[in-house]
Each structure stands twice: as structure tokens, then as C-alpha cells.
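The values are calculated or read from the model by the stated rules, or taken from the named source; none is laboratory data. No experiment lies behind these values; they were computed from the predicted model shown. FYI the Cβ positions are ideal-geometry reconstructions off the backbone, even for glycines, and counts take in every protein chain you see.
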Amino acid sequence: MQPTGPHKAVAGSIAGRIYVEIFRNNFNWLIPKNCLVQPLFAEATVLRPDVIVLDKSELIKELLWQKEPVICNGSTIKLVAEVVSTNWQDDYAIKVE
């Protein structure tokens, strides 16, 4: 299911505010427009966070990154932000897991 326009607007606002702090503090981090997270040992599960902050120096350890925007190692992820939707029951039950 694709997110709504308002959902993406909130995610974009969050990403913009975080990016300002990344830039201001000169962190070696990035916020990709699109990114998937494939937890280790979860072959069929891929998550698409609303906002994700990645450590650029850790990307060399990501085997899939050069071909597709998939993150497998938790050490690469600095922050994940999820926007709660109107179907908040799903957000609080499924996304938290």
C-alpha cells in the first residue's frame, strides 16, 4: 500500500529538519530518498522506512548498496523515523516489530 500525500509531506518535513542538523554538525551521514531495510535472517521481510539516516562510512560494509538501495547491517543505520498513519493500529502493532 502506497503512502498518502499528507503522509509523504510529513516524512519530507522530518527528513528536511534532520538534514539541517546533519549539515550543521558536519556529520558523515545521508538521508536517501528511497531505501529498503532487510533485517538479517529475515529473507522474506523487507521494510521501507519513511525516513532513514545512514552512516556513509558504514556503506562499504553493505553488500547490496552498490546495486540497489538495500541496507542489511544495523550499524549503517543512525535513525529510522516512521510516520503514524490513519491506520495507526497497523503502525503500532506491525511497524514496531
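Select, from 20, 10, the only residue that is of a type in the set (Val, Ile, Thr), farther than 25 Å from residue 66 by Cα, assigned to a helix (DSSP H, G or I) and free of Cβ contacts under 8 Å to residues at least 60 places away in the same chain.
Details: 10 fails: free of Cβ contacts under 8 Å to residues at least 60 places away in the same chain.
Just a single option satisfies the conditions, and that option is 20.
Is it the case that some residue within the stretch 25-32 is aromatic (Phe, Trp, Tyr), surrounded by 11 or more Cβ atoms within 10 Å (Cβ to Cβ) and out of contact with any Cys (no Cβ under 6 Å at 6 or more places or on another chain)? Give the steps one after another, and end with the answer.
First, the residues of the stretch 25-32 that are aromatic (Phe, Trp, Tyr): 27, 29.
If we keep only those that are surrounded by 11 or more Cβ atoms within 10 Å (Cβ to Cβ) too, we end up with 27, 29.
Now restrict to residues that are out of contact with any Cys (no Cβ under 6 Å at 6 or more places or on another chain): 27, 29.
Yes, the stretch 25-32 contains at least one residue that is aromatic (Phe, Trp, Tyr), surrounded by 11 or more Cβ atoms within 10 Å (Cβ to Cβ) and out of contact with any Cys (no Cβ under 6 Å at 6 or more places or on another chain).
Condition first: free of Cβ contacts under 8 Å to residues at least 12 places away in the same chain, of a type in the set (Gly, Ala, Ser) and surrounded by fewer than 12 Cβ atoms within 10 Å (Cβ to Cβ). Can you find one or more residues in the stretch 35-44 that meet it? Let's see the steps before the verdict.
Restricting attention to the stretch 35-44, the residues satisfying the condition of being free of Cβ contacts under 8 Å to residues at least 12 places away in the same chain are 41-44.
Applying the additional criterion that residues be of a type in the set (Gly, Ala, Ser) yields 42, 44.
Filter once more, keeping what is surrounded by fewer than 12 Cβ atoms within 10 Å (Cβ to Cβ): 42, 44.
Yes, the stretch 35-44 contains a residue that is free of Cβ contacts under 8 Å to residues at least 12 places away in the same chain, of a type in the set (Gly, Ala, Ser) and surrounded by fewer than 12 Cβ atoms within 10 Å (Cβ to Cβ).
Step by step: first the residues of the stretch 23-49, then only those that are more than 14 Å from the chain's Cα centre (by Cα), in a loop (DSSP other than H, G, I, E, B) and not hydroxyl-bearing (Ser, Thr, Tyr), then the one that is nearest to residue 63 (Cα to Cα). Which residue is that? Break it down into steps so the answer makes sense when it comes.
To start, the set of residues in the stretch 23-49 that are more than 14 Å from the chain's Cα centre (by Cα) comprises 23-28, 40-45.
Okay, now just the ones that are also in a loop (DSSP other than H, G, I, E, B), so 26-28, 40-45.
Those still in the list that are not hydroxyl-bearing (Ser, Thr, Tyr) too: 26-28, 40-44.
Values: 26: 26, 27: 23, 28: 19, 40: 12, 41: 15, 42: 16, 43: 15, 44: 17 Å.
Among those residues, the one meeting the criterion is 40.
Need pairs with beta-carbon distance below 9 Å; first residue at pLDDT below 70 and within the stretch 74-91, second of a type outside the set (Asp, Glu); sequence gap 6+ or separate chains.
87/1; 91/83; 91/84; 91/85
Read through the list (1) within 21 Å of residue 85 (Cβ to Cβ); (2) at pLDDT 95 or above; (3) of a type in the set (Val, Ile, Thr), then give the number of the only condition that residue 22 fails.
Among (1) within 21 Å of residue 85 (Cβ to Cβ); (2) at pLDDT 95 or above; (3) of a type in the set (Val, Ile, Thr), the lone unmet condition for residue 22 is (1).
Here's a check for you: in the stretch 63-83, which residue that is of a type in the set (A, V, I, L, M) and in a loop (DSSP other than H, G, I, E, B) is farthest from residue 13 (Cα to Cα)?
Within the stretch 63-83, the first condition is being of a type in the set (A, V, I, L, M), and the residues that meet it are 63-64, 70-71, 77, 79-81, 83.
Filter again for in a loop (DSSP other than H, G, I, E, B), leaving 63-64, 83.
Details: 63: 30, 64: 28, 83: 11 Å.
Looking at residues that are of a type in the set (A, V, I, L, M) and in a loop (DSSP other than H, G, I, E, B), I get 63.
Quick check on my filter: what residues within the stretch 25-53 are modelled with pLDDT under 90 and of a type outside the set (D, E, K, R)? Steps first, please.
The initial filter retains those residues of the stretch 25-53 that are modelled with pLDDT under 90, namely 39-47.
Once the filter is applied, which keeps residues that are modelled with pLDDT under 90 and of a type outside the set (D, E, K, R), the stretch 25-53 yields 39, 40, 41, 42, 44, 45, 46, 47.
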